[in-house]
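Working notes for the structure below.
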Amino acid sequence: MRYIDHHAHMVSRTTDDYQQMALTGCVAVTEPAFWAGWDRSAADGFEDYFRQLTEFEPNRAAQYRIQHYAWMAMNPKESENRELSRKVIERIPKFLGRPTVLGIGEIGLNRVTRNEVATYTEQVELALEHRQLILIHTPHLEDKLKGTRISIDVLRKYSKIQPGRVLVDHAEEHTIEMILEHGYWAGLTLYPNTKVSPQRAADIIEQFGAERICIAGACDWGPSDPIAVPRFIAEMRRRRHPDALIHRIVFENPVQFLSQSPKFKVRADVVNEIAPATVAR
Ligand SMILES: [Zn+2]
């Protein structure tokens, strides 16, 4: 089954992973800017990273017939450094016009500090100013509930924000309701050990339905699984959910959200190939 992974940190992945994703049906990935696992020393380091995301990585992905898009941001972890954040944010606008950049992300909170909230708020305003889609990271473990709530509170202060143009990611059982009820999209990122498993994601779909929910593998530099989405597909099939429903979640939903950026276009051969499945629904 063809799928799109809307949250994949491919810069920390090998070509074997691209190959595995291509072999399991991945046709497109979108890669949010994030923390590299270590703090960068200067804004130049971020600029090089943004160039990697917009110049090098799309070509690497194309060798496996995977389309690659990116999001620009100062990530939540390094957002704590206000001085560095201001310098990085100044450099973001010049990347927003690039052909594969879909919006601002992943922005949000890590430890839910005053500095992080300030940097996050500035980037929400940046997205509004440049009419960009927004991808939000929510904190992990004990900070998730509070962090998700505060992230949403900030968004709700801006009446100009259209909730349907915002995806709040790393949702879990206890946060998905507050994300969906305000009209935002919710992302479930699947991990082998921590966070949401393919089984829990299937439970969540059974409980909350498929509307405005996207599934991703995250694939970052830590323990993570580049083919987590196919594992979710397998779990849904094991539970005898129809392929049309699964296709909607792993393909049509991300297309619907991402296509709000005029730059996002699924390759014509992929559209033609999956057309029968879409018609069958
Ligand atoms: Zn991420």
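The values are calculated or read from the model by the stated rules, or taken from the named source; none is laboratory data. Nothing here was measured: the structure is a model prediction, and the numbers come from that model. Glycine also receives a Cβ, built like all others from the backbone with ideal geometry; neighbour counts cover every protein chain displayed.
I'm checking my understanding of the structure. Among residues of the range 124-135 that are surrounded by 20 or more Cβ atoms within 10 Å (Cβ to Cβ) and either of a type in the set (Gly, Ala, Ser) or more than 15 Å from the ligand (Cβ to nearest atom) (or both), which one is nearest to His9 (Cα to Cα)? Spell out how you get there, then give the answer.
Taking the range 124-135 as the starting set, the residues that turn out to be surrounded by 20 or more Cβ atoms within 10 Å (Cβ to Cβ) are 124, 126-127, 132-135.
Now drop any that are not either of a type in the set (Gly, Ala, Ser) or more than 15 Å from the ligand (Cβ to nearest atom) (or both), which leaves 124, 126-127, 132-133.
Numbers: Val124: 22, Leu126: 23, Ala127: 21, Gln132: 20, Leu133: 18 Å.
The extreme case among them is Leu133.
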Of the conditions (1) part of a helix (DSSP H, G or I); (2) within 13 Å of the ligand (Cβ to nearest atom), Gly45 fails just one. Which one is it? (2)
So Asp16 passes all but one of these: (1) under 18 Å from Arg231 (Cα atoms); (2) of a type in the set (Asp, Glu); (3) touching a residue at least 40 places away in the same chain (Cβ under 8 Å). Which condition number does it fail? (3)
Residue within the range 136-152 that is within 15 Å of the ligand (Cβ to nearest atom), free of Cβ contacts under 8 Å to residues at least 60 places away in the same chain and farther than 26 Å from Asp39 by Cβ present: no
Test Lys160 against the criterion of being of a type in the set (D, E, K, R), in contact with a helix residue (DSSP H, G or I) (Cβ under 9 Å, 6 or more places away or on another chain) and more than 16 Å from the ligand (Cβ to nearest atom), and give yes or no. yes
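Mind listing whichever residues of the range 205-247 are among the aliphatic types (A, V, I, L, M) and surrounded by fewer than 20 Cβ atoms within 10 Å (Cβ to Cβ)?
Ala210, Ala234, Ala244, Leu245
Being exposed (fewer than 14 other Cβ atoms within 10 Å of the Cβ), farther than 21 Å from Thr138 by Cα and more than 16 Å from the ligand (Cβ to nearest atom), is that true of even one residue in the range 20-27?
Of the residues in the range 20-27, the ones exposed (fewer than 14 other Cβ atoms within 10 Å of the Cβ) are 23.
Pick out the ones that are also farther than 21 Å from Thr138 by Cα and you get 23.
If we keep only those that are more than 16 Å from the ligand (Cβ to nearest atom) as well, we get 23.
Yes, the range 20-27 contains at least one residue that is exposed (fewer than 14 other Cβ atoms within 10 Å of the Cβ), farther than 21 Å from Thr138 by Cα and more than 16 Å from the ligand (Cβ to nearest atom).
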Close pairs (7 angstrom Cβ cut-off, 6 or more residues apart or separate chains): farther than 20 Å from Gln260 by Cβ in the range 162-184, part of a strand (DSSP E or B) and at pLDDT below 95 anywhere: Glu172/Val196
Picking from Arg51, Arg2, Arg86, Arg65, the residue that is modelled with pLDDT of 95 or more and farther than 26 Å from Ser259 by Cβ would be Arg86
